[in-house]
Amino acid sequence: MSDDLKILEDVANSEYKWGFVSNIESDNAPKGLNEDIVRFISAKKNEPEWLLEYRLKAFRHWQTMTEPVWPNVTYPKVDFQDIIYYSAPKPKVQLDSLDDLDPEIKATFDKLGISLEEQKRLANVAVDAVIDSVSVKTTFRETLLEKGIIFSSFSEAVHEHPELVKKYLGSVVPYTDNFYAALNAAVFSDGSFCYIPKGVRCPMELSTYFRINSAGTGQFERTLIIADEGSYVSYLEGCTAPMRDENQLHAAVVEIVSHAEAQVKYSTVQNWYPGDKEGKGGIFNFVTKRGICLGNKSKISWTQVETGSAVTWKYPSVILKGDNSVGEFYSVAVTNNMQQADTGTKMIHIGKNTSSTIISKGISGGRSHNSYRGLVKINKSADNARNFSQCDSLLLGDQCGAHTFPYLEVSNKSAKVEHEATTSKVGEDQIFYCNQRGISTEDAVGLIVNGYCKEVFNQLPMEFAVEAQKLLAISLEGSVG
Amino acid sequence: MSTLQETKNKILTSAVFENWVNASPRVNAFAATIQEAAHSFLSQGIPTTKHEEWKYTNVTRLAQTPFEISANINTLTAAAIANEKVTADAIVVVIENGIINHAASNLSDLPQGLMIGSIHDMLENAEVKKHFLQHADYKTEPFVALNTATLSDAVCILAAANVEVDTPIQLMIVNTSTEANVYIPIRVLVVADKNSAIQVTETFSSTGNNASTFVNAVIEVMVADNAKVNYVKLQDESENTTHINYHRVAMARDSYQHLTTLSLGGGLIRNNLNIRLGDVNCTAYLNGLTLARNNQLVDHHTVVDHAMPHCYSNELYKNLIDDQAQGVFNGKIFVRKDAQKTNAFQSNKNLLLSDDATMNAKPQLEIFADDVKCSHGATTGQLDDESLFYLRARGIGEDAARALLNHAFAAEVMEGIAHEGVKEKMLDILNEKLK
């Protein structure tokens, strides 16, 4: 036990590695939220009338809603009037090449270890980087355009492809969906937009990096991915934020539309600032992510590695509307110190022969709480639907908690739904086995935890898998080498 | 919601309630609790589907029905109930429309150390004084509050220290009412003192053409150090019955409890089982079986609360849902901060037998201790085509083959029943239902 305690102490003492503030001048909106702010954001972005109308409708609806209290998390109430809803880095000029990028921003990415230069040359990844609220740079645009793939910031897409944005915006997550989705719809500042035309296989990974930089700001980005018939895209998303004492709000919306025989793979490595070991500061990560398999044989796969944020509240979901469509959810959620995570997925089976897989691994240490909350709903129309869910929890201390709230709603007799969950700690015999072979307890815990998460890491694109493993190591620093 | 208010007033001001609180000087000891529960019910009201615990089960129509207490009591005789006994030698307490029917019961020749009777005759008993109305929480459970506020009679079963009784004790709860909209409150207190062992079977049934009955039962079971309680709950009532059952077990050191719930008939059945493993080295089993047909709704909510270390719990719930019926299962396992070395297991298996059947399952684990082994599994599906083909290839007709497979599925739950006689009787009832 004493070893365990030591490890836990070390874990508690580990520090957030991405806690720097970039000294970039930014162009802020005044604090607070009212119709004028919504108009201000819309005007700043030079948006067409229909989008402003959409925002205002969302805002008015949001005013009628109350904050949800059902998640298994406790946190100080967010004062929505004390947030800056728009913060753009200055100078805001259209950039044509990386050389035009503000050197400070470039340095930020270098510190993040995702040097755009390097990524561009080596990793063959097209990056759309969003700092605070504005998309700073999209790489590889031209290369992608040759194939007809549109990959741009959301604001650009509004101007360049209004018909697509208009058609799909809010089609998967309507602004009436929930409190934070409504808030996002009213004040979203930027984000990424991606359209893969019929039959095109996107030749490289597309990636977005989000970073909250300014103090007192919230980040409300919106991602819209449309995969037309028979196309394929793999999309990555990474997030970091500087260390600050106050809590910052991140309320994003991701919408995915997958047409017949299209495949979308969405991977997230979420590493927002989790607050210090006393639970001070950190990001509130209240995110709505949902995809719809519109056509036959389409597929959406979510993979997430959640190591950051003070409070996470996130359920990447798939609506399996097309026959034979497939939904997948692979998740590793690590909470440490005072972090709280309430995360999981929803699989809504509507089409025939649809199948879904849920693999969720929760790891809690310190005084953290980790909840899995998932819904598998088999509608009456979903003949021969199939679901397999597995959610395991690993406890690394006697002061943390692991919770499982699966909902299985089945209204079709030909459906097969299986759910299993286990909770355990790292086995003393396993550690002993490693010790015996000259592996220190610390390394042994790392080995076991990594092995425990392997099923999920295997789903990540290679570069990301390496990063995820490193992140896991840092999140559990002291126990993992 | 004026109708809700009216209903409350109707139930709370009914003659029986008034008699209990005001007329009988013997119940002064509990008058304060009863009043408090009445106020608690008024403030909680009937839960709606917005309430997470009642998400899948809509009981709001209870608030729109003006229920009355049945005037029909003491119509049953010992001869009339002979066939309903779980075993020929069973010790039977007949509760007719909520009131003990002494004539039909056989309580005259009880084994040494076993006391069974009405609360009215046992108010001076120290155990009764200590435990009666003390364990089921009326502050958070509206139907416990309503039950406490409206009870007119209660059965107490007390096993003294070191007493082991092998003969099954049967609580035969019969609804013989003929009026419409009858409300039947049932209250049971079971105390198994140190090193004692008892078998209790509670059977709910209804006779005649009773229309729209609301049965509200609260059972409190104390299992003292090293005591052993085997408990079977059989619910087989008319489809006009709404049955809400709250069963609370408080377990002491080294104790053992085995609880089997068989929900085989009724309109709407809601079971709230709450097992607290309150000291070290407790062992708890919870088994449940549902056969739901037509428009029935059967809802099992269970809470297994591991408060102390070195305990074991195992839960197995099986549901067979046919026609337009709905099944609900919510199994919560709590492992408290200090409950190290806990082993807690839960399994929920559901068969959907028709296109219109629905099953909503929510197994739930909440763990606050690290050195534990906990797991739950839940599956929902239909009968395996290959098994069916296997049987049909051997000349067994489709209906017979299905019945056989359903029986095999359901019988696993019965296997846990400790008393052979009771098990046989329950299997007979099941076979009759599955035909």
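The values are calculated or read from the model by the stated rules, or taken from the named source; none is laboratory data. Not measured: the values here are computed from a predicted model. Ideal geometry is used to build each Cβ from the backbone, glycine not excepted, and the neighbour counts take in all protein chains shown.
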### Query
Taking the stated definitions as given, is A:Ser356 in a strand (DSSP E or B), away from chain B (no Cβ under 12 Å), more than 24 Å from A:Gln339 (Cβ to Cβ) and in contact (Cβ under 8 Å) with a residue 24 or more places away in the chain?
yes
### Query
In the range B:128-146, is there at least one residue being touching an Asp or Glu at 6+ places or on another chain (Cβ under 6 Å), more than 23 Å from B:Ala38 (Cβ to Cβ) and in a loop (DSSP other than H, G, I, E, B)?
no
### Task
Might you check whether a residue that is in a loop (DSSP other than H, G, I, E, B) and more than 7 Å from chain B (Cβ to nearest Cβ) occurs anywhere in the range A:386-394?
no
### Query
Among the residues of the range B:91-103, is any among the acidic types (Asp, Glu) and outside any loop (DSSP other than H, G, I, E, B)?
yes
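Please pick out the residue among B:Ala361, B:Ala393 that is surrounded by 15 or more Cβ atoms within 10 Å (Cβ to Cβ) and not polar (S, T, N, Q).
B:Ala361
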### Query
In this structure, does B:Asn295 turn out to be more than 7 Å from chain A (Cβ to nearest Cβ), out of contact with any strand residue (DSSP E or B) (no Cβ under 8 Å at 6 or more places or on another chain) and under 17 Å from B:Arg270 (Cα atoms)?
yes
### Residue count for the range B:213-254, restricted to those that are small (Gly, Ala, Ser), in contact (Cβ under 8 Å) with a residue 60 or more places away in the chain and part of a loop (DSSP other than H, G, I, E, B)
3
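Would you point out which residue out of B:Asp338, B:Asp323, B:Asp355 is more than 10 Å from every other protein chain (Cβ to nearest Cβ) and among the charged types (D, E, K, R)?
B:Asp323 is the lone residue from the list that is more than 10 Å from every other protein chain (Cβ to nearest Cβ) and among the charged types (D, E, K, R).
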### Task
Go over the candidates A:Asp323, A:Asp342 one by one and state the one that is more than 10 Å from chain B (Cβ to nearest Cβ) and assigned to a loop (DSSP other than H, G, I, E, B).
A:Asp323
### Query
List, please: which pairs have Cβ atoms under 9 Å, are six or more places apart or on different chains, and start with a residue in the range B:152-166 that is under 18 Å from B:Asn226 (Cβ atoms) and end with one that is polar (S, T, N, Q) and surrounded by fewer than 16 Cβ atoms within 10 Å (Cβ to Cβ)?
B:Ala160/B:Gln112; B:Val163/B:Gln112
### Query
Does A:Ser368 satisfy the criteria of being touching an Asp or Glu at 6+ places or on another chain (Cβ under 7 Å) and small (Gly, Ala, Ser)?
no
#### Entry: Total residues in the range A:395-423, condition assigned to a loop (DSSP other than H, G, I, E, B) and within 31 Å of the chain's Cα centre (by Cα)
7
### Query
Inside the range B:375-405, can you point out the residues that are within 23 Å of B:Ala361 (Cβ to Cβ) and in contact with a helix residue (DSSP H, G or I) (Cβ under 9 Å, 6 or more places away or on another chain)?
B:Leu383, B:Asp384, B:Ser387, B:Arg402, B:Leu405
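For B:Asp299, state whether it is acidic (Asp, Glu) and outside any strand (DSSP E or B).
No.
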### Message
So, in the range A:424-443, exactly how many residues are modelled with pLDDT of 85 or more and closer than 24 Å to A:Gly401 by Cβ?
### Response
2
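Filter the range B:105-127 for residues that are in a helix (DSSP H, G or I) and either modelled with pLDDT under 90 or buried (at least 20 other Cβ atoms within 10 Å of the Cβ) (or both) and give the result.
Of everything in the range B:105-127, those that are in a helix (DSSP H, G or I) and either modelled with pLDDT under 90 or buried (at least 20 other Cβ atoms within 10 Å of the Cβ) (or both) turn out to be B:Ile119, B:His120, B:Asp121.
Residues checked against (1) surrounded by 22 or more Cβ atoms within 10 Å (Cβ to Cβ); (2) at negative phi:
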position	(1), (2)
B:Gln199	yes, yes
B:Thr207	no, yes
B:Ala211	no, yes
B:Thr241	yes, yes
B:Val249	yes, yes
B:Asp254	no, no
### Query
How many residues does the range B:255-274 hold that are in a strand (DSSP E or B) and in contact with a Cys (Cβ under 9 Å, 6 or more places away or on another chain)?
2
### Query
Looking at the range A:335-358, which of its residues are closer than 19 Å to A:Thr288 by Cα and within 16 Å of the chain's Cα centre (by Cα)?
A:Gln340, A:Ala341, A:Asp342, A:Thr343, A:Gly344, A:Thr345, A:Lys346
### Query
For B:Tyr317, which of the numbered conditions (1) closer than 30 Å to A:Ser355 by Cα; (2) within 14 Å of chain A (Cβ to nearest Cβ); (3) surrounded by fewer than 24 Cβ atoms within 10 Å (Cβ to Cβ) fails to hold?
(3)
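Residues checked against (1) in contact with a strand residue (DSSP E or B) (Cβ under 8 Å, 6 or more places away or on another chain); (2) assigned to a loop (DSSP other than H, G, I, E, B); (3) surrounded by fewer than 17 Cβ atoms within 10 Å (Cβ to Cβ):
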{"position": "B:Lys341", "(1), (2), (3)": "no, yes, yes"}
{"position": "B:Leu351", "(1), (2), (3)": "yes, no, no"}
{"position": "B:Leu365", "(1), (2), (3)": "yes, no, no"}
{"position": "B:Asp370", "(1), (2), (3)": "yes, yes, no"}
{"position": "B:Asn406", "(1), (2), (3)": "yes, no, no"}
{"position": "B:Ala410", "(1), (2), (3)": "yes, no, no"}
### Task
Identify, by number, the condition in (1) among the hydrophobic types (A, V, I, L, M, F, W, C); (2) within 27 Å of B:Asp254 (Cβ to Cβ); (3) assigned to a strand (DSSP E or B); (4) in contact with a Ser or Thr (Cβ under 8 Å, 6 or more places away or on another chain) that B:Phe334 doesn't meet.
(4)
### Query
Is it the case that the range B:302-314 has a residue that's buried (at least 20 other Cβ atoms within 10 Å of the Cβ), of a type in the set (Ser, Thr, Tyr) and assigned to a loop (DSSP other than H, G, I, E, B)?
no
### Query
Has the range A:424-447 got at least one residue that is buried (at least 17 other Cβ atoms within 10 Å of the Cβ), among the acidic types (Asp, Glu), more than 7 Å from chain B (Cβ to nearest Cβ) and not in a strand (DSSP E or B)?
yes
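Take the range A:27-54 and flag every residue that is in a helix (DSSP H, G or I), crowded, with 17+ Cβ neighbours inside 10 Å and not charged (D, E, K, R).
Filtering the range A:27-54 for residues in a helix (DSSP H, G or I) gives A:35-44, A:49-54.
Narrowing further to those that are crowded, with 17+ Cβ neighbours inside 10 Å: A:37-38, A:41-42, A:44, A:51, A:54.
Across the range A:27-54, the qualifying residues are A:Ile37, A:Val38, A:Ile41, A:Ser42, A:Leu51, A:Tyr54.
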